[in-house]
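Written below as structure tokens is the structure these notes are about.
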Amino acid sequence: MARKLRKFLLLFLAFICIYLIFGEHGLWRMWRLKRKERELRREVAEIEARRKLLEEERKRLEEGDPELIEKLARERYGMVKPGEKVYIILPPPEGRK
């Protein structure tokens, strides 16, 4: 009888341990959720930094910053000043490196 009780308690404790580790609210899930939270916080920080840069750029554009306007015109729209020469570097043809 004591042997059956010991076996039952051992199985019960094993079940409880497995549930505490791998259950719906177990340690494994909590570890994964904490890792996901860290990733999301890092992503939010990156997005916030990008948003801040864009906000500063927007303010400079609203104020009419000529350097920024020229930079954007050159980079985004390929504009050049009169008399400037534009050099376009083409990629090597396929098969040659």
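The values are calculated or read from the model by the stated rules, or taken from the named source; none is laboratory data. Everything quoted here is computed from the prediction, not taken from an experiment. Note: ideal-geometry Cβ built from the backbone for every residue, glycine included; neighbour counts use all protein chains shown.
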Problem set entry | Long-range neighbours under 8 Å by Cβ, at least six apart or interchain, first residue without any contact (Cβ under 8 Å) to a residue 40 or more places away in the chain and basic (Lys, Arg) within the range 72-96, second outside any helix (DSSP H, G or I) and surrounded by 10 or more Cβ atoms within 10 Å (Cβ to Cβ) | ARG74/VAL80
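Evaluate the range 9-28: report whether one residue or more is among the hydrophobic types (A, V, I, L, M, F, W, C), loosely packed, with under 10 Cβ neighbours inside 10 Å and more than 32 Å from the chain's Cα centre (by Cα). Write out each step before concluding.
If we filter the range 9-28 for residues that are among the hydrophobic types (A, V, I, L, M, F, W, C), which is where we start, we get 9-18, 20-22, 27-28.
Next, from what is left, pick out any that are loosely packed, with under 10 Cβ neighbours inside 10 Å: none.
Within the range 9-28, none of the residues are among the hydrophobic types (A, V, I, L, M, F, W, C), loosely packed, with under 10 Cβ neighbours inside 10 Å and more than 32 Å from the chain's Cα centre (by Cα).
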Seminar exercise, completed: The condition of being at pLDDT 90 or above, surrounded by fewer than 10 Cβ atoms within 10 Å (Cβ to Cβ) and assigned to a helix (DSSP H, G or I) holds, among GLU67, GLU43, GLU56, only for GLU67
Exercise. Taking only pairs six or more apart or across chains, which ones have beta-carbon atoms under 9 Å, a first residue in the range 29-42 that is under 20 Å from TYR19 (Cα atoms), and a second residue that is surrounded by 10 or more Cβ atoms within 10 Å (Cβ to Cβ)?
Worked result: ARG29/PHE22; ARG29/GLY23
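Give me the residue from the range 70-90 that is surrounded by 10 or more Cβ atoms within 10 Å (Cβ to Cβ) and within 32 Å of the chain's Cα centre (by Cα) and, out of that set, farthest from GLU57 (Cα to Cα).
Step one: of the range 70-90, the residues surrounded by 10 or more Cβ atoms within 10 Å (Cβ to Cβ) are 70-74, 79-80.
With within 32 Å of the chain's Cα centre (by Cα) added as a condition, the list becomes 70-74.
Numbers: GLU70: 13, LYS71: 12, LEU72: 10, ALA73: 14, ARG74: 16 Å.
Top of the filtered list is ARG74.
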